[in-house]
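The structure appears below as C-alpha cells.
Just so you know, all these numbers are worked out from the coordinates, no wet-lab data involved. Predicted model, so just to flag it, every value in this text is computed and none were measured. With ideal geometry, Cβ positions are generated from the backbone for all residues, glycine too; neighbour counts draw on all protein chains shown.
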Amino acid sequence: MGSQTDEKIPVIEFTEKNLKPGSDLWDLACKQIRHGLEEYGCFEAVYDKVPTELHNSIFSAAKELFDLPIETKEQKTSDRPGANYVGQDPFVPLYESLGLDNPTSFEATESFTRIMWPAGNDTFRESVRSFSKPVAELYETATRMVFDSYGVGRLYDSHIESAFYRVRFFKYSAPKPNESNVGMPTHIDMTFVTILHQHQVEGLQIRTKDDKYIAVQAKPSSFLFIAGEGLMAWSNDRIRVCEHRVILKENKGRLSLGFYALVNGVIKVPEELVDEEYPLSYKPIDYMDFLVNFFTNDTVVELCSGARVLLKVVLLPLKTFPLLLRLSLLLLFCEKAWEFHWHNL
C-alpha cells in the first residue's frame, strides 16, 4: 500500500505579480510547475480568487446535492460519457459522485439544477457558476505556463478553444466500525487535467515514484492541479500522470470537488516534445471519441481473489495510451488490479 512521507509537493502562488507573462517571476513559476508535473504529476496552487465565502458556499451546495434522494441523483443529466451519478457500489461503498457539464454556463447549470430541483434552486446554480469561473481561469493560466515551459506557447490558444469543463462533486461517508477506511483506491484520472479542491476533512494522498504517499492538506485557498492521462500523452511521457487515493483517517464524512478539463478534439504530441530521449509514443487521438468508446465497451474481468468487476474497457491501436486496459472511476476495485488504471469521468 505504500508508507507516508514528509516529502512536499511544489507550491506555486498564483498572484498578480507572478502572472505577468515574460517576467522573471512568470518564468520561475513556469519552471516550478513543470518540475511538479514531471516529478509528482501535480502541484499545489495557492489561489485567492476563490474567497472563503465562496469556498463555504460551494461545499454547502455540494452537501445539499448529496442530501437528495438516490433516485433523484440517479437521473440522467448529460449525454457525455462519465457525467452522471456514481454510488452504492460495493467495491467503493463510502463513495458517491455526480458531475455537472459546462459549469460556467447559465443554461447548463440551470438545466442541471432543474433536474435535481424541479422548482429551481438559484443558490445552488449561482454557487456552481461563481466557483467554476475563477477555477477555469486558474486552469487556463496554469496551462499556459505549462505550454510556455515546453516552448509550445503557440499551441495554447487552440488548446483552450477545444477545452471542455466539468465540475464533479465527491462525497465519502465516514467508515463504520470494522469497515475499510479506503475512500478511493490509488488511481489516475482519465482527464487532461483535474483540479481538486478539498473541504475541511483531509484524506487526499499523492503517490510518489518510490511508492510512498504525500498527504495533501485541506485549505480554502489550496487547489491541487493534477495531470491526467491526456496531459501525460500530450507531453509524450515527459509529465508524470498523478497517482492518488483517498484514505479517511478521521471518523467523519468528507466532501471534495473536482474541476475537470477535457479536450473536445484531438490530442497530439507537439513536434517540439519528440527527440532521441523521448521518441514519439502516442498517435493523435480524438479524446471524446475515446471516452465514448471507453464507456460503451463492456468487459467482465476477473480480479483480486476471484472478485468479478464490470469494467469499461477499450483497446487502442499502437501506443495511444500505455497499459491498454484502463479503468474508470465508475467501477473501481482493488489497488492491485493494475499498476495504473483510469479514473474519473
Leaving out same-chain residues fewer than 8 places away, which lysines sit with a Cα under 25 Å from that of K76? K63, K133, K171, K312
Rounded to whole Å, give me the distance from the Cα center of the stretch 1-35 to that of the stretch 104-128. 35
Zone reached by a paramagnetic label modelled 7 Å from L68 Cα along Cα→Cβ, restricted to the stretch 167-207 with backbone N below 16 Å, covers 167-171
Based on the mean of other beta carbon atoms within 10 Å per residue, what is the order of 228-234, 238-244, most packed first? 228-234, 238-244
At R0 = 45 Å, how high is the FRET efficiency between D24 and A174 if r is their beta carbon distance? Nearest 0.05 is fine. 0.45
Protection proxy (average C-beta count within 10 Å per residue), highest first, orders 111-123, 84-96 as 84-96, 111-123
Evaluate E = 1/(1 + (r/R0)^6) for S162 and N251, where r is the Cβ-Cβ distance and R0 equals 35 Å; express this FRET efficiency to the nearest 0.05. 0.20
Apply 1/(1 + (r/R0)^6) to the Cβ-Cβ distance of D286 and R154, taking R0 = 25 Å, and write down the FRET efficiency to the nearest 0.05. 0.70
Report the full-extension gain for the segment D89 to K31: residue separation times 0.36 nm, less the Cα-Cα distance, to one decimal in nm. 16.8 nm
Quick calc, the stretch 69-195, dipole around Cα centre from Cβ unit charges on Lys, Arg (+) and Asp, Glu (-), nearest 20 debye, gives 140
Protection proxy (average C-beta count within 10 Å per residue), highest first, orders 132-138, 174-180, 196-202 as 196-202, 132-138, 174-180
Between T52 and Y278, what length comes free when the chain is fully extended (0.36 nm per residue of separation minus the Cα-Cα distance, one decimal in nm)? 77.1 nm
Quickly work out the T123-to-R238 label distance, labels modelled 7 Å from Cα along the C-beta direction, and quote it in nm with one decimal. 4.7
